[in-house]
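To start, the structure itself, in structure tokens.
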Amino acid sequence: MLPPSDAPSPRSAPVPPPPTSLSKATGVPIPGSSGLTTDGSAGPDTPPPGLEWKRLHPVTPFVRGWAVIAVLLVVFGRQSIESAPEGGIPVDGGNWWIFAVGIAAAGVIGGVYAWLSWRVTRYAYDSDAVYVHSGILFRQQRKVRLDRLQAIDIVKPLLARFFGLAELKLSVAGGGDSGAKLGFLRDADANQLRNVLLARAAGLEEAPDGEILPEAPESEVLQVPPGRLIASLLLSGAAIFLIIFVAATIVAMIVSRSISPIATIFPALIGVGAYVFSRFTSEFNFTGAISPDGIRLRHGLLETRSQTIPPGRVQAIRLTQGLLWRKADWWRVEVNVAGYADSSDGNQTGTVLLPVGSRDDALRALWLVLPDLGVDDPRPLLEAALSGSGPREEFTTSPRSARWVDPLAWQRNGYRVTSRGLLIRRGRLTRRLEVVPHERTQSLGLAQGPIQRRLGIATFVLHSTPGPVSPRVPHLSDADAAHLLHAQAARARAARTLAGPERWMQAPAQAAGLALDRAPDDEATPASAPVRLDMPDENRPTKDLL
Amino acid sequence: MNTMTEESASYPPLSASAPTTSPFEPEGIVWQGVSARLATARFIMLGIFFGIPLVTLVVLAVALPPAAPWLWIAAAVVVVVTAWIAVIIKRQVHAIGFAERDEDLLIRKGVMFRSLVVVPYGRMQFVDVTAGPLARKLGISSLQLHTASPGTDATIDGLVPSEAARLRDRLASRGEARLAGL
């Protein structure tokens, strides 16, 4: 209950006992503020009284302000270098002092701002929602409904890791700035809060006198060794582009007998290098696990991220294999999760389910999302979907006339419908398999250009939530496209009515088998055995949840 | 082609699934068109867009006799392009259609590049009805359905405001009745 020892907090007032012991370990309570209604603004969505409001960790302004100071340093530094006269940085003379004072002033202002921002930010939660109040000049009161929760991430930036702090990110559908960020909290608090929120989002009634809520048990399914990650990045398109570019520049230097072409290397080097480096650091040490709370992903070298995607939140999944990965039979698996894409920080790391893995790994990742493909023997179906072509395994492919518009892949592009989802495979050079569960279909479309019309073919498009996966089947015959459109609309509708509840633990069927205290069997999800999509029911932690 | 492969799935086939000549003309669908005033609105926009360059070219052609032949040719090209686009607009407006089915809304568009969108009512997140100054003057408005997917391009331009309001309320109530999560 006490503020952390490293907090220079003057708040030593006696702390009122918290109403529920569940909230014991989370955050720094604000003395005397429990049950306060804010600002007297009694809107329709005013948080219910009786909430226990808490502040973020007191070191937050420093960790946040540090980024501001670093940015200022870069901006000032670049300006002073650019405006420097010929001969270098003007370290002699009076300019240096102006520079230092400017930085100091900016630091003080930034620090004060960050501190004020910390002062006014507070959060609370009950069984239905998380409430966050923030803003100095422009006040913001945000309520995040837990039954709409799409994912919870714990993010630890490098600096925060030195302090043992973490940020909790709640993602909801709505894109951009939706959801809530609670940062920073102490590691243990963030973990505990995540467990509490997940349990409540799942619809579990917490034990009346529950002490520290245990984390839902999990079993690790996916792992990416660093060596494979490095090799996969070296075999990626970006690295190949870089090598060709550097080689071309060297040739240009030799031919032109001057050193000037080297100047063109640097922008490309920096751009591609930054991309590869960010891929490496964010996907380093990647592990994926399954738990009753859904899929758990952990990754990151400098900034670590631990994601939890509850069951039924994956809208679409894609398995990709570039041409250079074919020899090793590596695949990359990405998913659409509402709320992850177009996040404000721009990167899409949240959407990667497996950065690189063998075929078995990739199929295991698919199994995490869709344990039941809806066919008796998924193995030959998936073989055909990943690397096959033609009408085997009941795939419907483009008609022969499509060879005029897609001579390479017309035999491969196609779809297969199972009782659970739509499988779309396409691409001859870069192979792709996209799977969309029927109940996650948003809307459907057909498109046809003049050439397609002459050839009697049309492109089928399935609209999913924002993300890396945008499923479509190019160049189906008119009849196939029309049939797929209408049959798929009917299937999506039927599946929607049968879809599980948003609070994934509330369905009556799972109450018995999936209590939180049930430890997973060690062999539940064999990491070394070949993938078994036909696992017996009792070893399928999420079967009924999806 | 094995068009009926997915019959093996456990969902019943849709009644309107018999292959037709064009996938954009499903059987048993009665399409509703939009107001012809949408074409008028687009003609006006077209006139503004190409009228100003045309007038400029003509004025220059009169004012600068040495360059006149080329300027007249340019003006003629502008006229031809305008006429061509006008024909396209006419056909495009004519091709817009929508149909309310029991469970979803169908929107069809385009002549050269055709598209057909099926939006289930249960997937609608919100409905927009908008009308700019020109559209208000002409008495039309446009309605847009939004799902959780940005790829859903479900816009119906050129609705009479009363029809737009009726459709909006109807869609909203149907959506509410069938609302599913994400």
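The values are calculated or read from the model by the stated rules, or taken from the named source; none is laboratory data. Because the structure is predicted, anything quoted here is derived from the model rather than measured. Note that we place each Cβ from the backbone using ideal geometry, even for glycine, and neighbour counts take in every protein chain shown.
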Members of the range B:22-47 found to be within 10 Å of chain A (Cβ to nearest Cβ) and within 12 Å of B:HIS94 (Cβ to Cβ), listed by number: none
Leading residue by the ranking (farthest from B:ARG168 (Cα to Cα)) among those in the range B:134-157 that are in contact (Cβ under 8 Å) with a residue 60 or more places away in the chain and in contact with a Pro (Cβ under 8 Å, 6 or more places away or on another chain): B:GLY139
Filter result (within 14 Å of another protein chain (Cβ to nearest Cβ) and surrounded by 14 or more Cβ atoms within 10 Å (Cβ to Cβ)) within the range B:115-139: B:SER115, B:LEU116, B:VAL117, B:VAL118, B:VAL119, B:PRO120, B:TYR121, B:GLY122, B:ARG123, B:MET124, B:GLN125, B:VAL127
Any hit, the range A:404-415, residues being of a type in the set (Ser, Thr, Tyr) and either on the phi > 0 side of the Ramachandran plot or surrounded by fewer than 22 Cβ atoms within 10 Å (Cβ to Cβ) (or both): no
Verdict on A:THR465 being of a type in the set (S, T, N, Q) and surrounded by fewer than 19 Cβ atoms within 10 Å (Cβ to Cβ): no
Search result, residues across the range A:480-508 that are modelled with pLDDT under 85, buried (at least 24 other Cβ atoms within 10 Å of the Cβ) and within 7 Å of another protein chain (Cβ to nearest Cβ): none
Enumeration of residues in the range A:423-456 that are away from chain B (no Cβ under 14 Å) and either small (Gly, Ala, Ser) or at positive phi (or both): A:GLY427
Check on A:GLY237, over 28 Å from A:LEU149 (Cβ atoms), without any contact (Cβ under 8 Å) to a residue 12 or more places away in the chain and surrounded by fewer than 15 Cβ atoms within 10 Å (Cβ to Cβ): no
Qualifying positions in the range A:454-474 - hydrophobic (A, V, I, L, M, F, W, C), touching an Asp or Glu at 6+ places or on another chain (Cβ under 8 Å) and under 13 Å from B:PRO150 (Cα atoms): A:VAL469
Unmet requirement for A:SER401, which otherwise passes all of (1) assigned to a loop (DSSP other than H, G, I, E, B); (2) surrounded by fewer than 19 Cβ atoms within 10 Å (Cβ to Cβ); (3) not β-branched (Val, Ile, Thr): (1)
Extreme residue, modelled with the highest pLDDT, among residues of the range B:1-33 that are closer than 25 Å to A:GLN452 by Cβ and among the hydrophobic types (A, V, I, L, M, F, W, C): B:TRP31
The range A:272-320 - residue that is over 25 Å from A:VAL172 (Cα atoms) and touching a strand residue (DSSP E or B) at 6+ places or on another chain (Cβ under 9 Å) and, of those, surrounded by the most Cβ atoms within 10 Å (Cβ to Cβ): A:THR320
Where A:LEU324 falls short, out of the listed (1) assigned to a helix (DSSP H, G or I); (2) crowded, with 19+ Cβ neighbours inside 10 Å: (2)
Residue within the range B:153-161 that is outside any loop (DSSP other than H, G, I, E, B), at the interface with chain A (Cβ under 10 Å from one of its Cβ atoms) and not polar (S, T, N, Q) present: yes
Among (1) within 13 Å of chain A (Cβ to nearest Cβ); (2) part of a strand (DSSP E or B); (3) farther than 30 Å from A:GLY339 by Cα - the single one B:MET112 does not satisfy: (2)
Any hit, the range B:73-82, residues being more than 14 Å from chain A (Cβ to nearest Cβ), part of a helix (DSSP H, G or I), modelled with pLDDT of 90 or more and more than 32 Å from the chain's Cα centre (by Cα): yes
Number of positions in the range B:80-97 that are within 17 Å of B:THR155 (Cα to Cα) and among the hydrophobic types (A, V, I, L, M, F, W, C): 4
Test: residue in the range A:164-184 that is within 14 Å of chain B (Cβ to nearest Cβ), among the basic types (Lys, Arg) and either touching a strand residue (DSSP E or B) at 6+ places or on another chain (Cβ under 7 Å) or surrounded by 22 or more Cβ atoms within 10 Å (Cβ to Cβ) (or both): no
Selection status of B:SER173, out of contact with any Gly (no Cβ under 8 Å at 6 or more places or on another chain) and either within 14 Å of chain A (Cβ to nearest Cβ) or over 30 Å from A:PRO437 (Cβ atoms) (or both): no
Subset of the range A:457-479 (residues that are within 7 Å of chain B (Cβ to nearest Cβ) and farther than 27 Å from A:VAL335 by Cβ): A:ALA458, A:SER477, A:ASP478, A:ALA479
